Structures are given as C-alpha cells and as structure tokens.
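My questions all concern the structure below.
The values are calculated or read from the model by the stated rules, or taken from the named source; none is laboratory data. Keep in mind it's a predicted model, so treat the numbers as computed, not measured. Every residue, glycine as well, gets a Cβ built from its backbone with ideal geometry; the counts of neighbours run over all protein chains shown. Note: areas computed on protein heavy atoms with side chains; ligands, DNA, RNA excluded. Shrake-Rupley method; radii C 1.70, N 1.55, O 1.52, S 1.80 Å.
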Amino acid sequence: MPRPLVATIHSAALRHNLSVAQNAAPQSRVWAIVKANAYGHGLARGLRAFAQADGLGLIEVDAALQLRDMGWTKPVLLLEGFFDESDLPELAMRDIQFAVHCSEQIDMLAKAALPSTVHVHLKMNSGMNRLGFVAEKLQDAYQRLKAIPQVRQITLMTHFANADDRENAHMPLAEQVRRFHSATQGLAGERSLANSAAVLSHPDVAADWVRPGIMLYGATPGGKTAAEFGLQAAMTLNSEIIGMQTIKPGDAIGYGSRFVAEKVMTIGVVACGYADGYPRHAPAGTPVMVDGIRTRIVGRVSMDMLNVDLTDVPGAHVGSKVELWGKHVPIDEVANAAGTIGYELMCAVAPRVAVVED
Ligand SMILES: *Cc1c(COP(=O)(O)O)cnc(C)c1O
C-alpha cells in the first residue's frame, strides 16, 4: 500500500476556470500561464485542460520545449525571456515567443545567428520595478528590436504590482496603466497586461492578450474569495488518519510541545507533513476536514505527519479521510492561516505526493 496522501487534480475545474477568464475578458486572447509545472498541477495536465487557450505562458525553457514535444502547436511564451544566448536558435526553430526585458538580451539577440524569425514581447517596467525597461528607455529598446531583421513581431507587455488592491497608495494599477499607455504611444504591436487579479477586478485593462495564472487553478489572486469569483478548486490534497491518541489536560502534542491540552482531547495523526509541501508554520487552528467535518490542526507540523483535533469528530477512526485543502477546505484559507498565499502551497506540493486526475 502506498502512503494515503494523494493530490487529485480536477481537470473539469481547470477547464471551467479557463472559461471564467475567457468570459471576464471576452475581447482578449488568453495566455494560460503554466509556469512552475502548471502551478503544481502538472504541465501535461495543463496542456490538456487548457486546449482552448490561445497560448501557454511559462518561465522554464525546458518546459517550453516539452510543450512542443507534447504536441502543442499554438503559441508558447517565455515570460522572463531566455537566459543564455545558446538557447536562442532552438527557441527560434520551435517558434517559442519570449519576453525581452533588458538591453543585454537585445545585445544577444542582435548577434545571434537564428534559423528563423522570432516574435518578442518587449517588457516595460511600469512601476513594479522587477523586470523591464523604464519609460525613458522603452522607445530606444523598441527601435533596436525593430532593426533586427530576425525579429518579425513585437508585442508590448507589462505586469502589475497591485492589481488585487484597488487602493494601493504607492503604485495604483491606474498609474501603471497610464505610464504604459504613455510610453508605448505610437508603437505598433499588440498589448499584453493583465494577470488574474486584473482580469477579475479590472476588466477595463484587458488588452489584446491577458495572462491569467492563479485563477485557472481555482485560488484567488486577492480581492474576493475564489468562490465569489466563480472559480473551482483544481486540486484536492487528501490523506488519512493513521493513528490516534487521547490526551488529558496538561498533555502536549508533537515537537516542541507547542500545543498543550486544556481538556481531554482526541488527536488524530495525518500522513502529511512539511516534506509533502504542507506549510510547517501553519499554526494550531488551521482548517482541515475529517470525514466531512471541519476541524483544525494542532501542534507543530512535522516532516511526515501533522495532528488534528478529533474531539468533535465523533466517528473518526484510523483510516478516516482527511482533506488538507481542496473542494471543501479552500487552499486560500489554509494559506491565510499559515501567513502565505495559495500560489505557494500549490507550487510546493512535493514530488513524493502521488498525483491522480479525475
Ligand atoms: C506569473 C505571471 C502571470 C500570472 O499571474 P497570476 O497572478 O498567477 O495570474 C502573468 N504574467 C506574468 C509575467 C507572470 O510572471
């Protein structure tokens, strides 16, 4: 018997969430973002579930080539561009589009001998101050790209720092949009701006292309809950109770004896720990479901196990089904309790966790 810990990927939910993105941006074409192994859901599963997307976007060069090997013939986009000049001939040959965010990349492109032409995405830093050319450097970068005979098409892109936060005083989305429009004025090319948060909360900024990621996997980018946005959980992480203890007032649980019982309690031990990707810093009180009843974790998460409070789950027994997150326990609630975001949890599911698809 394998360990009872299994991540189930709900392909119907992936397809549904893509349609939510398409309906939210009906005039735009959609890059379904599948970086980080489709946010932990599996690259091949992403490819199949997002067959109706207009393109697939990601970060990893090897995974981009795998998409082609797996038969994806529509556009593929590398969101951070290429990392080394030696990658360029193969990217060109296999028609993989890529971002260009710094002048060093333009230098490499200008001197590369390419077997065919390329479609590049010129990235503007409109206020996030991560990748991209600032407004004053954008026109020059555009003209340099335009002068390279192997560059057949230039799309203009930028990325938002606070699309989930209408009120952000430091860098409001509207200011990034204003800078982008002003810096790209008069430049020919399609526009690509919106991540999930912008698709869902700022439909007015959807341009030629949108780039949703997290929403496709059924977690919220912020603003409202995933359910309020009409999204469905695409991953359920299930395990089982593998042991039980009855403890008395004053008894402590687990490493560090961090949780001390104030009354008689029934504790269940679940086969799932931080080596599986469950956050070690999840505190007592983090939600979990046992046999369909919501309860909480208690004590410190260890490498291979965690403890749950079964005091109010009367029928619980060794073998009881546990949902760590998924259809009933939103991944965002677990992430919130642990001080992180759904993105991190889904990307961190460890290779030793069995994955099935329903
Ligand atoms: C990851 C990423 C996205 C998708 O962001 P979500 O918040 O997951 O929707 C879009 N654009 C770029 C450039 C990215 O790196």
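So how much slack lies between residue 204 and residue 294, counting 0.36 nm per residue of separation and subtracting their Cα-Cα distance, in nm?
My answer for the length gained is 28.5 nm.
Averaged per residue, what accessible surface does the chain expose to a 1.4 Å probe, in Å²?
So the chain comes to 43 Å² accessible per residue, rounded to a whole number.
Please work out the FRET efficiency for the pair residue 74 and residue 137, using the Cβ-Cβ distance as r and a Förster radius of 22 Å; give the result to the nearest 0.05.
The calculated FRET efficiency here is 0.10.
What are the aspartates and glutamates whose alpha-carbon lies under 14 Å from the alpha-carbon of residue 263, with same-chain residues fewer than 8 places away excluded?
251, 309, 312
When N counts the residues of the chain, how does its alpha-carbon radius of gyration compare numerically with 2.2 N^0.38 Å, as a ratio?
Normalised by 2.2 N^0.38 Å, the Cα Rg of the chain equals 1.13.
Roughly speaking, what is the stretch gain from residue 94 to residue 260, that is 0.36 nm per residue apart minus the C-alpha to C-alpha distance, in nm to one decimal?
53.9 nm
Enter the accessible area of residue 274 (Å², nearest 10), with the probe set to 1.4 Å and all protein chains included.
Its heavy atoms expose roughly 100 Å² to the probe.
Still on this structure, please answer the following. On average over all directions, what projected area in square nanometres does the range 235-357 have, based on the convex hull of its Cα atoms?
6.9
Among DSSP bridges having both ends in the chain, what percentage is antiparallel? Round to the nearest 5.
50
Sticking with this one: Reachable lysines from residue 74, Cα under 29 Å, same-chain residues fewer than 8 places away excluded?
Those lysines meeting the cut-off are 35, 111, 123, 146.
If Rh is defined by the Kirkwood formula over all Cα pairs and Rg also comes from Cα, what ratio Rg/Rh do you get for the range 302-346?
Ratio of gyration radius to Kirkwood radius for the range 302-346: 1.01.
If you wrap a convex hull around the C-alpha atoms of the range 16-133 and split its volume per residue, what is the figure in Å³?
Value for the range 16-133: 118 Å³ per residue.
Could you work out what % of the accessible surface of the range 235-328 is carbon and sulfur, using a 1.4 angstrom probe and leaving DNA, RNA and ligands out of the count?
Ligands and nucleic acids excluded, carbon and sulfur reach 52 percent.
What are the extents of the Cα atoms of the range 113-188 along their three principal axes, in Å, largest first?
That gives 47, 21, 17 Å along the principal axes, largest extent first.
What 222 nm value per residue comes from the helices of the chain, counting each DSSP H run with n ≥ 4 as -39,500 (n - 2.57) and dividing by all residues, nearest 500 deg cm²/dmol?
Value at 222 nm, helices only: -7000 deg cm²/dmol.
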